[in-house]
Amino acid sequence: MRGMSRRHGVAVLKTGMKNPFSSATEEKTGTTASFGTVSRQFWFMSKAFFASERRRQAYWFLIVLLTLALSVGGIQVVMSYVARDFMTAIAQKDEPAYWQSLWWYIGTFCLAVPIGVYYRWTEERLALLWREWMAKHLIKRYFNNRAYYRLRGSASIDNPDQRISEDVRNFTVSSLSFFLIVLNATVTVVVFVGVLWAISETLVGVLVLYALVGTGLSILIGRRLVGLNYSQYQKEADFRYSLVRVRDNAESIAFYRGENRERRDLTGRLGAAVSNMLSIIGWNRNLAFFVNSYNYAALVVPVVIVAPLFMRGEVAFGVVTQSAGAFAQVLAGASLIITQFERLSAYLAGVQRLGGLWDDLDDFDAEDERVALQGTQDVDDDSLTVNLDTLTVLTPDGSKTLVNDLTFELRRNQSLLIMGASGTGKSSVLRTIAGLWSIGAGTLERPPWRDVMFLPQRPYMIDGNLRDQLLYPYSDKPLSDDKILAVVDKVNLADVLERVDKDLDRVMDWINVLSIGEQQRVAFARLFLRNPKFAFLDEATSALDEENQERLYQLLKESRIGFISVGHRTTLTKYHDRILQLDRSGSWKITESGATAV
């Protein structure tokens, strides 16, 4: 059951929570996913777009595209007859018929060019509209219910960033491309089979048999490509992510002199991608031997059947060329799996990866949650509490109990310090209060999100100017520069202001410009600018000297913000009313600061 419900502006965590890191579906890999699963994923992802708020624009483009596709098919049929008469006129040396056919030829070209251009333009516009909507939809769901955090521990979903960016683009473009290929093939087969039947019934029979045998052999030869393409997506994404990780952790790697290790890791991931790609190339080679032979033989088959008819005087010479062209058109339509197998295998792998992400994301509307919270009944500030009642905290996989039956209450203007050896679950208690972990048992009451704020040990530095940095995540909050500057001065960040000439709109690479200690002071500036009712600090002063630490905690005490800290330093005890000591056995005790156990 979902653990978070809301009552009078208070969130309640109830007993029997589910594992937040378990996926909604177990994603299959390689060729193990059934065709039915992939078809279902394709259907739901496509239906969502054509039922969305962009459906009017989508249907308009789709109707125009279908009209143009049918027009292209019609033009091709007309051109086949014009070409037949043109070649017959040349063979019969009929000059008037030759010039007449030539003008018809030119006329069909003039009609085909704009239809073809707008056909391609409409396809690209619809694909772009689909990609934009789908990427926004997945991004919204990615942040809903902290799915981006849950997916970090998911064994079934690797590299969600690649799936939202690259896989969405490939899915939308390729889906339309294959849809139009199938549509054009259907139109072509329907129209040109009639042309072939009028020439020779035997030709139609040979065509059907040729296409069926070829399709079966192509599937038999190339079926392994789907699994190999799926693996290639994953290995390429792993390689790219490793490069990003090196960039983001460049300073730490440089301090450790870890270049050789990082280079080995990157080389290994590149080698895995190259090795898998070699397998794909090898199977594409095997498939190409068959496909090329199939296509070259198709050039001869219609001529072998129709040429004797011409030599017996039963058909004109133009019919021979027309039969070859019509046979090629129908065969291309009937042999889609053969001619498109390489692209189709990569496409199915992409659908499988994107469908896995789609299935795994929670369909929860964060905007509805925000509106619901804004509409809850406000309660008196002094009655707001953080209340844990027999709360049991487990590891995300549920395999280990970290804290048993934890119970305490914290009111505004009160403070609690959580201490204990590494691995006793200090930060895990904060993660549970924050709703990042919701597996376990017990009851948790806390104020709504607008009244609380969490400060991690390593603050998150965003891209943007200094003003946005200080107001994150509410950069649009209307605060005067004077108030911002006053808080900056209080948390001892005046030297950072000097570096940007006191320009709050200066944009810099903050994660590299600011030291960890300065980043932690930025986090406290965010806290005081937001001024919540409660704050939760996960070793939020670990990089600060004692003087700055004392300064910030004194400001916290003066602000009347209730706060819970996690820390190792014994000097932190003097800034807190009570101390929660955790033990590796899961037991705990609370003492008054400097008093006996309670």
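The values are calculated or read from the model by the stated rules, or taken from the named source; none is laboratory data. The shown structure was predicted, so the numbers you read here are calculated from the model rather than taken from an experiment. As a convention, Cβ positions derive from the backbone with ideal geometry for all residues, glycine included, and neighbour counts pool all protein chains shown.
Looking only at the stretch 83-134, count every residue that is touching a residue at least 60 places away in the same chain (Cβ under 8 Å) and among the basic types (Lys, Arg) and tell me the total. Looking only at that region, the number is 2.
Selection of helices (runs of 4 or more DSSP H) fully inside the stretch 506-585 by the criterion of at least 3 residues being among the hydrophobic types (A, V, I, L, M, F, W, C) and crowded, with 20+ Cβ neighbours inside 10 Å returns 516-530. Does the stretch 478-499 contain any residue that is in the same structural domain as Gly586 (by TED's automatic domain parsing) and within 33 Å of the chain's Cα centre (by Cα)? Yes, the stretch 478-499 has at least one match. The one condition from (1) surrounded by 20 or more Cβ atoms within 10 Å (Cβ to Cβ); (2) in contact with a Lys or Arg (Cβ under 9 Å, 6 or more places away or on another chain); (3) modelled with pLDDT of 90 or more; (4) assigned to a helix (DSSP H, G or I) that Leu485 does not meet is (1).
For (1) modelled with pLDDT under 80; (2) outside the structural domain of Gly350 (by TED's automatic domain parsing); (3) over 30 Å from Ile433 (Cα atoms), each residue gets a yes or a no:
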residue: Val78; (1), (2), (3): yes, no, yes
residue: Phe86; (1), (2), (3): yes, no, yes
residue: Trp104; (1), (2), (3): no, no, yes
residue: Glu124; (1), (2), (3): no, no, yes
residue: Tyr149; (1), (2), (3): yes, no, no
residue: Gly153; (1), (2), (3): yes, no, no
residue: Asn159; (1), (2), (3): yes, no, no
residue: Glu166; (1), (2), (3): no, no, yes
residue: Val173; (1), (2), (3): no, no, yes
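Residue check: Thr570 meets all listed conditions (1) at pLDDT below 90; (2) among the polar types (S, T, N, Q); (3) within 42 Å of the chain's Cα centre (by Cα) but one, namely (3). Within the stretch 523-532, can one find any residue that is closer than 26 Å to Val246 by Cβ, small (Gly, Ala, Ser) and assigned by TED's automatic domain parsing to the domain that holds Leu552? Yes. Here Ser480 does not qualify as over 16 Å from Leu493 (Cβ atoms), among the polar types (S, T, N, Q) and in contact with a helix residue (DSSP H, G or I) (Cβ under 6 Å, 6 or more places away or on another chain). Restrict the check to the stretch 177-188 and report whether at least one residue is at pLDDT below 80, out of contact with any His (no Cβ under 8 Å at 6 or more places or on another chain), surrounded by fewer than 19 Cβ atoms within 10 Å (Cβ to Cβ) and not in a helix (DSSP H, G or I). Within the stretch 177-188, not a single residue is at pLDDT below 80, out of contact with any His (no Cβ under 8 Å at 6 or more places or on another chain), surrounded by fewer than 19 Cβ atoms within 10 Å (Cβ to Cβ) and not in a helix (DSSP H, G or I).
Exactly one residue out of Val78, Val38 is closer than 26 Å to Lys136 by Cβ and in contact (Cβ under 8 Å) with a residue 24 or more places away in the chain: that is Val38. Suppose the filter is at pLDDT 85 or above and of a type in the set (D, E, K, R); does Arg261 pass it? Taking the combined requirement at face value, the residue does not satisfy it. Filtered by the rule that a residue be more than 28 Å from the chain's Cα centre (by Cα) and crowded, with 17+ Cβ neighbours inside 10 Å, the stretch 35-63 gives no residues.
Only a single item in (1) closer than 15 Å to Gln76 by Cα; (2) modelled with pLDDT under 80 is not met by Ile115, and it is number (2). Annotation: of all residues in the stretch 392-445 being of a type in the set (Lys, Arg) and under 24 Å from Tyr148 (Cα atoms), the one that is modelled with the highest pLDDT is Lys426.
Note on the stretch 488-505: residues that are surrounded by fewer than 13 Cβ atoms within 10 Å (Cβ to Cβ) and part of a loop (DSSP other than H, G, I, E, B) amount to 3. Every listed requirement among (1) within 31 Å of the chain's Cα centre (by Cα); (2) modelled with pLDDT of 90 or more; (3) over 20 Å from Gly567 (Cβ atoms); (4) not β-branched (Val, Ile, Thr) is met by Pro448 save one, (2).
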